1. Of all the Cα-Cα pairs you can form in segment 201-279, what percent are over 18 Å apart?
2. Arrange Lys209, Lys141 by Cβ neighbour counts within 10 Å, fewest through most, would you?
3. 7 Å from Cα along Cα→Cβ at both Lys58 and Ile278: what's the point-to-point distance in nm?
4. Projecting each Cα onto the charge dipole of segment 13-76 (Lys/Arg +1, Asp/Glu -1 at the beta carbon, about the Cα centre), which of Val61, Leu74, Thr27 comes out farthest on the positive side?
5. Only counting other Cβ atoms within 10 Å, I'd like Cys264, Cys246 sorted with the fewest neighbours first.
6. Only counting other Cβ atoms within 10 Å, I'd like Asp260, Asp10 sorted with the fewest neighbours first.
7. For every other residue with a beta carbon closer than 11 angstrom to the beta carbon of Ser9, add +1 if it is Lys or Arg and -1 if Asp or Glu, then tell me the sum.
8. Tell me which lysines have Cα within less than 17 Å of Lys209's Cα, excluding those fewer than 8 residues away on the same chain?
Amino acid sequence: MRLSLTKSSDIPLRDQLAEQIVLLITTGTLRRGEQLPSVRSLARQLSVHYNTVSEAYKDLVQRNWLTRRRGSRLVVGSRAGSGSQRELSLDELINESIQRAREMGYTLQALTEHVRKRLLDEPPDHILVIEEESGLREIIKQEVAEAIGCRVESGSPTEFAGQPELAVGAQVFAPDHTIEELKRFVPQNRPSVPIAYSAADEYVARIRKLKRPSVVGTVSVSESLLRTARAIFAPAIGRRHVLKECMLRPDQRADCRGLDIAFCDSVAMGRVTGPHKIHYRLVAASSLEHLSTIVTPMRGIIS
């Protein structure tokens, strides 16, 4: 795992560690069911106190990012590996084959005619974004609409579980770590497309290139995105720069002309005034490309 912590920050080390692990999960670097290093091993690797790692792990367990298997270390996902072994249906095997083929670098065109036909069988008329936090849903909807150019609706996992009819006519687009939980509500012949969030390397690099002490801003409609950015940017910010955060409420605008650099999410970009705005894109380009590949053959239906 690529982790970078700094003691030259007001952000506690345990928070930096927890949010960086969340980023590794949401960007697909850490996969569902993958084991994490032991507390002592990771503490030695990062040269931090045992309790720092223990508290970060405990926080992630409480937030359902990690779970503990009996007799083993923590693993990614609240339900990772918890299901009983059973014989998979043909449709479930096809679903797993699609995901496995993508992970190995194969294109959809390389899959069998049967899989291609099944993907086209009951074409959706819109895309349904499933995400827990309303701010993140708003950002994802914006980015999907811009990239795909179709109708996009959204809801939380709880709303989806309570109203499974939401899946009718929809292509579900949801974070990879929630796909397993949603599987029983999604038609087997139209599996969910997983969302991977973008890594923040290019944004961290922009901060490191600042030649003088600067005021760095993050502007978002999502509390969790601000929290993640705070932890990820901490090593680059250190005590040399100052971080300013702005949480935008519905229909609120912000003036960032006093900032040396302002990272704005896709919704905030249109609501922020200032010459130094940088577009912070939440969804990884690979996820949008995958979604586009699925819905492109159905362009005549999706509008």
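Bear in mind that the values in this text are calculations on the coordinates, not laboratory data. Everything quoted here is computed from the prediction, not taken from an experiment. Cβ: placed from backbone, ideal geometry, glycine included. Neighbour counts: every protein chain shown.
1. The share of Cα pairs beyond 18 Å in segment 201-279 comes to 34 percent.
2. In increasing order of surrounding Cβ atoms, one gets Lys209, Lys141.
3. Between Lys58 and Ile278, the simple spin-label model gives 3.5 nm.
4. Leu74
5. Taking fewest neighbouring Cβ atoms as first place, the list is Cys246, Cys264.
6. In increasing order of surrounding Cβ atoms, one gets Asp10, Asp260.
7. +2
8. The reachable lysines, counting only those whose Cα sits under 17 Å from Lys209, are Lys277.
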